[in-house]
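Report on the following structure.
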Amino acid sequence: MTATHRSATVRSTTMSNNKFDHDPSFLGDLERDVLKVVWKRGQVTAEIVREDLNRGLKESTVRTVLHRLEQKGYLKHSIDSRTFIYEAAKSRHHLAALAVKRLVDWLCDGSMEELLVGMVDTDVVDQKQLRKLSDKVATARKARQ
């Protein structure tokens, strides 16, 4: 190994709480926007998030938001040299499902059927979309077996 290849980058991973109990509907606008950047990019630094948001925020503000999202269980980080590299701890569709479940529990007494019928009755979802969703559910069930 040559001298130029001896310095390896130290990389350690830390996970936030394994238990996820934060309600995604309680996230603020900035937190949601930061999560969108993370989901789009995969892995980010505070500087990348700050640049992508293009709001003139200080990097320290972005680091604070990233840290809070990690504490809430949305993000995890690793360290490359001394730089925190953040990535999503939960996928977008996972969080969307949790948010909808909490909404269904609160407004529909846990009845997903009531929610879906209401969405069809109010033209939020049409028959074509409902069939497509049914097909995707069937495919997902087969894949899990």
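Is it the case that residue 90 is part of a helix (DSSP H, G or I) and not β-branched (Val, Ile, Thr)?
no
Among the residues of the stretch 30-65, how many are within 20 Å of residue 81 (Cβ to Cβ) and hydroxyl-bearing (Ser, Thr, Tyr)?
Qualifying residue count, the stretch 30-65: 2.
Since residue 99 meets every condition but one in (1) surrounded by 14 or more Cβ atoms within 10 Å (Cβ to Cβ); (2) out of contact with any Ser or Thr (no Cβ under 8 Å at 6 or more places or on another chain); (3) part of a helix (DSSP H, G or I), which condition does it not meet?
Result: residue 99 passes all but (2).
Just one of 44, 34, 38, 62 is within 14 Å of the chain's Cα centre (by Cα), at pLDDT 95 or above, hydrophobic (A, V, I, L, M, F, W, C) and over 22 Å from residue 100 (Cα atoms); which is it?
When all the criteria are applied, what remains is 44.
Return only the number of the condition from (1) more than 21 Å from residue 74 (Cβ to Cβ); (2) touching a residue at least 40 places away in the same chain (Cβ under 8 Å) that residue 131 does not satisfy.
(2)
Could you figure out which of (1) closer than 28 Å to residue 112 by Cα; (2) surrounded by 18 or more Cβ atoms within 10 Å (Cβ to Cβ); (3) among the hydrophobic types (A, V, I, L, M, F, W, C) isn't true of residue 39?
Looking at each condition in turn, residue 39 falls short on (2).
For the stretch 122-145, what are the residues that are among the hydrophobic types (A, V, I, L, M, F, W, C) and either in a helix (DSSP H, G or I) or at pLDDT 90 or above (or both)?
Selection gives 130, 133, 137, 138, 140, 143.
The values are calculated or read from the model by the stated rules, or taken from the named source; none is laboratory data. On a predicted model such as this, the values are computed, not experimentally measured, just so you know. Note that we place each Cβ from the backbone using ideal geometry, even for glycine, and neighbour counts take in every protein chain shown.
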